[in-house]
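For reference, the structure discussed in these notes is given below.
The values are calculated or read from the model by the stated rules, or taken from the named source; none is laboratory data. Fair warning: this is a prediction, and the values are worked out from it, not measured in the lab. Note that each Cβ is placed from the backbone with ideal geometry, even for glycine, and that neighbours are counted across all protein chains shown. The protein model used for the area step is the full one, side chains on, heavy atoms only, and it has no ligands, DNA or RNA in it. Shrake-Rupley method; radii C 1.70, N 1.55, O 1.52, S 1.80 Å.
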2 protein chains.
Amino acid sequence: MNFEYLIKTHNLKVTAQRVSILENMNNYGHINIDELFLEVKKNFNNISLATLYKNINLMIKNSLIKEVKIASYKSKYEIKKDTHAHILCTVCNEFEDLDFNCSLAVDNVEKTTAYKIDNSEFIFSGICQKCQ
Amino acid sequence: MNFEYLIKTHNLKVTAQRVSILENMNNYGHINIDELFLEVKKNFNNISLATLYKNINLMIKNSLIKEVKIASYKSKYEIKKDTHAHILCTVCNEFEDLDFNCSLAVDNVEKTTAYKIDNSEFIFSGICQKCQ
DNA sequence: GTATTTGCAAATGATTTGCAGTGCT
DNA sequence: AGCACTGCAAATCATTTGCAAATAC
């Protein structure tokens with residue numbers, strides 16, 4: 001994935017810190033602020049949480065990344081892609097994307113409510129096969 | 001709705017503050033901490049945020065209420081009922097329950113992932129008909 | 001009567017802001 | 001030169017904790 005291009009096309013300036021943030025989000029799939037801080041620190045020893053938060057908020061505003069809020073956990077951040085569902089195992093804390101037809105549900109809701117939907121969240125949580 | 005009974009059957013002691021918390025959750029449908037604080041203050045002038053948080057956390061632990069986390073907003077709390085979806089208008093901030101067949105989706109996910117699902121969140125957001 | 005709850009104040013944790021210095025174009 | 005970005009320190013906002021007095025059962 002070309003992160004510099006991704007940043008530019010979302011109307012932001014390319015900085016090494018921003019590239020590192022996106023690289024780590026991409027590697028983890030979903031990453032919370034503390035994990036991100038530890039990872040980015042490996043390349044930028046002096047980076048501050050303030051810089052992370054500023055960049056995350058900017059990237060969210062410019063629709064480059066997305067915050068996923070999860071009850072009882074810290075928010076996770078992911079690079080924005082087509083709407084998809086998430087599934088969480090509350091025992092091992094595995095958190096994954098799920099193959100689930102969201103657009104069908106969205107179409108349905110738009111028809112029945114007359115809302116124009118621009119975002120949707122689907123989070124399933126429970127116990128994965130290994131942990132049962 | 002009989003709130004005292006509801007509290008007792010969830011193994012908690014009945015206090016006037018707890019009843020008031022549930023009454024307000026029920027009236028609002030979904031309520032955030034600041035709204036709840038203002039409302040409960042009308043009956044209990046000296047109630048503190050600490051008491052609200054303590055009670056909310058206890059009630060969540062005992063499955064009496066549920067926290068709904070929403071990106072860009074403060075969490076809302078609701079009295080627990082059968083799984084249902086939510087819809088948010090990002091213009092007027094209207095937040096409502098949605099008639100949406102969640103159990104069908106849950107069954108499906110359990111089959112395809114072999115997870116045992118015990119909770120799920122469905123939040124649609126966009127612009128309601130009035131605000132379009 | 002005992003254990004739990006309440007309300008206050010203080011502590012902790014999370015996020016944001018202001019500002020001086022740096023770097024990019 | 002000018003503008004945006006970074007990193008630090010401090011400020012703000014959100015939530016939790018400890019404790020003494022009050023209340024539920």
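Quick notes on this structure:
- Per-residue 3J(HN,Hα) values for the stretch B:116-122, derived from phi via the Karplus relation 6.51 cos²θ - 1.76 cosθ + 1.60 with θ = phi - 60°, read 9, 7, 10, 7, 8, 10, 10 Hz in sequence order (x marks Gly and Pro).
- Each chain gives up part of its surface: B and A jointly bury about 2700 Å² of accessible area, both sides summed, for a 1.4 Å probe.
- Carbon and sulfur %, accessible surface of the stretch B:12-132 computed with the full protein complex present, 1.4 Å: 47 percent
- Links that overshoot a 25 Å alpha carbon limit, given the list B:Lys8/B:Lys54; B:Lys13/B:Lys41; A:Lys54/B:Lys54; A:Lys8/B:Lys76: A:Lys54/B:Lys54; A:Lys8/B:Lys76
- Full extension of the chain segment joining B:Glu94 with B:Thr112 gains 3.1 nm, where the gain is 0.36 nm per residue of separation less the Cα-Cα distance.
- Of the GluC sites (Glu not before Pro) found in the stretch A:37-122, the ones in coil according to DSSP and having at most 15 other Cβ atoms within 10 Å of their Cβ are A:Glu94.
- Computed from phi, the 3J(HN,Hα) profile of the stretch B:4-10 under the Karplus parametrisation 6.51, -1.76, 1.60 (θ = phi - 60°) reads 4, 4, 4, 5, 4, 5, 9 Hz, with x in place of Gly and Pro.
- Peptide A:94-101 has a mean shielding of 2, counted as Cβ atoms of other protein chains within 10 Å of each residue's Cβ.
- Label spacing, shortest first and in nm, from A:Asp118 to its equivalents in the remaining copies (7 angstrom along Cα→Cβ): 3.8
- Computed on chain B, with alpha-carbon pairs under 8 angstrom and 6+ residues apart, the relative contact order is 19 percent.
- Evaluated with a Cβ-only charge set (Lys, Arg +1; Asp, Glu -1), chain B carries a dipole of roughly 520 debye about its Cα centre, given to the nearest 20.
- Karplus-based coupling profile of the stretch A:79-85, in residue order and whole Hz: 5, 5, 8, 4, 3, 8, 8, with θ = phi - 60° in 6.51 cos²θ - 1.76 cosθ + 1.60 and x standing for Gly or Pro.
- Residue-averaged beta-carbon neighbours from other chains (10 angstrom radius) around A:106-118: 5
- GNM top mover of B:Ile21, B:Ile47, B:Ile117 - chain B, alpha-carbon springs below 10 Å: B:Ile117
- Other-copy label distances relative to B:Asn43, 7 angstrom Cα-Cβ extension, nm: 5.5
- The stretch B:3-79, relative contact order in percent, only Cα pairs under 8 angstrom and at least six apart counted: 33 percent
- Helical content of the protein assembly as shown, expressed as a calculated mean residue ellipticity at 222 nm, amounts to -13000 deg cm²/dmol (DSSP H runs of 4 or more residues, -39,500 (n - 2.57) each, divided by residue number, nearest 500).
- Accessible area per residue, Å², the stretch A:70-132 with all protein chains present, probe 1.4 Å: 54 Å²
- Looking at chain A alone, DSSP beta bridges between its own residues are antiparallel in about 70 percent of cases.
- Highest-fluctuation residue, B:Lys74, B:Lys42, B:Lys116 considered, GNM on chain B with Cα pairs under 10 Å: B:Lys116
- Copy-to-copy label separations for B:Asn11, where each label sits 7 Å from Cα toward Cβ, in nm and ascending: 5.3
- Solvent-accessible area of A:Lys61 with every protein chain in place, 1.4 Å probe, in Å² to the nearest 10: 150 Å²
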